Every structure is written in C-alpha cells, then in structure tokens.
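Working notes for the structure below.
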C-alpha cells in the first residue's frame with residue numbers, strides 16, 4: 001500500500017516584502033485636522049494682534065508750514081461789521097517779523113492738515129464798565145479759521161495767548177459782551193467751512209508791539225503773529 005507524502009514547503013530566502021502603508025484611522029485623521037486648525041488660528045491671531053498694535057500709533061500734531069500774505073483783502077465779512085472809519089490800523093512799515101516761527105499780523109498761516117488761520121480787523125478799544133477786566137485799553141481783532149482739510153476740526157479747543165511790549169509782558173484776554181467778546185467757539189468746524197471769532201487782548205495805550213499766539217484746536221501748534229499797532 002503506497003502513501004503519498006507531501007514534501008514540506010521550501011523556505012523562502014528572498015528579500016523581505018515591504019509593508020504597504022495603511023490608511024489612517026478616523027481617530028488619526030481627527031488629530032491631524034485639529035493640529036492644522038490650531039496652527040491656522042495661531043497665525044490669524046498673531047496677524048490681528050499686529051494690526052491692532054499698528055493702529056494705536058499717536059497722532060502727529062500739525063505744524064505751521066506755509067505763510068501767505070493776506071494783503072488788503074481781509075477775507076472776513078464779520079470784520080467789516082465791527083469796523084468803522086475811525087478804526088486804527090496796524091503800522092505796515094513795522095508790521096512785525098515774519099521770519100522763523102513768527103508771522104506778521106497780516107499773514108495767513110496754513111497747517112499741514114490744510115487748516116488756515118488769519119487775523120483781521122485789528123483796532124484799539126477800551127473795555128466797558130461791565131467787561132472783564134473793565135475800563136482797560138485793549139486791541140480787538142477777528143480770528144478766521146478755515147478748514148480746508150477733509151476732517152472735522154474741533155474748534156472748541158481754540159486757544160489764544162497774547163503778550164505786549166519789548167519785554168513780552170503777559171496780556172490779559174478781554175471779555176466784553178458789548179463788543180462781542182464772549183470767548184471762543186463752542187462748535188466743531190466741518191471740512192470746507194470757516195468760522196470767525198472776535199477776540200481782545202490787553203494793550204496799554206503807550207504800547208505798540210503785540211504778539212498773538214493762536215492754536216485752532218488742541219492738536220495744533222501755536223501760530224505766532226506779531227507786529228505794531230498804531
């Protein structure tokens with residue numbers, strides 16, 4: 001009786017077969033997506049932070065850059081209303097030094113933001129008995145502010161400071177309702193508009209030199225006008 005004997009399989013001596021990559025499980029894919037989302041969020045957060053930091057830079061105050069001689073044109077209808085034939089004008093022969101940071105009383109000063117300041121209607125008066133201070137010799141003038149820029153100007157921040165004489169004595173502001181001296185404006189100035197403000201500064205009768213410093217708003221440097229008043 002014969003028996004068929006199956007020989008044992010021959011051992012395989014070739015190079016090992018590479019393992020095929022297995023697709024990631026659902027859990028692995030979830031981890032990968034979560035990590036990628038975290039990276040993107042971090043980048044976006046950094047960009048937003050940088051943008052906010054860049055937007056908080058301090059606003060640079062405008063500085064006086066140009067002067068234009070006003071000449072005979074006052075450019076101010078309000079000044080014509082307060083003037084009369086007996087008004088005393090400024091002495092053109094000694095109207096002040098417009099060099100450096102000082103400008104003549106007849107100059108128009110324009111800032112970098114296209115806001116222009118001009119003085120006109122300069123004359124001597126004596127304050128009334130109900131003024132503050134009363135019965136005081138002073139010089140009255142009109143300040144014209146023209147907003148030639150594109151943004152609204154807060155003229156409620158208008159400041160005016162005066163001094164007189166060779167030694168620069170402090171000149172007190174005059175408040176006299178009889179001569180429309182009620183202080184500065186209480187409104188804002190839209191782009192393309194202008195405003196006229198009547199102001200008065202103490203000027204003793206024997207004094208001629210007056211220095212008038214005008215800042216149209218809180219962010220502007222002062223424009224310094226100086227000259228002689230007859």
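Classify segment 176-230 from the C-alpha gyration tensor, please: rounded if a/c falls under 1.5, else prolate or oblate depending on whether a/b exceeds b/c.
oblate
Label points 7 Å out from Cα along the Cβ direction at residue 154 and residue 218: separation in nm?
For the pair residue 154/residue 218, the computed spacing is 0.4 nm.
What length, rounded to one decimal in nm, is gained on full extension from residue 182 through to residue 126, with 0.36 nm per residue of separation minus their alpha-carbon distance?
Additional length available on full extension: 18.6 nm.
To make sure I understand, if each residue's beta carbon is the centre and we count other beta carbons within 10 Å, what order do 170, 194, 127 fall in, fewest to most?
In order of increasing Cβ crowding within 10 Å: 170, 194, 127.
Taking the number of other C-beta atoms within 10 Å as the exposure measure, put 188, 206, 230 in order starting with the fewest.
206, 230, 188
Here, each number is a calculation from the coordinates, and none is a lab measurement. All figures in this text were calculated on a predicted structure; none of them were measured in a lab. Ideal geometry is used to build each Cβ from the backbone, glycine not excepted, and the neighbour counts take in all protein chains shown.
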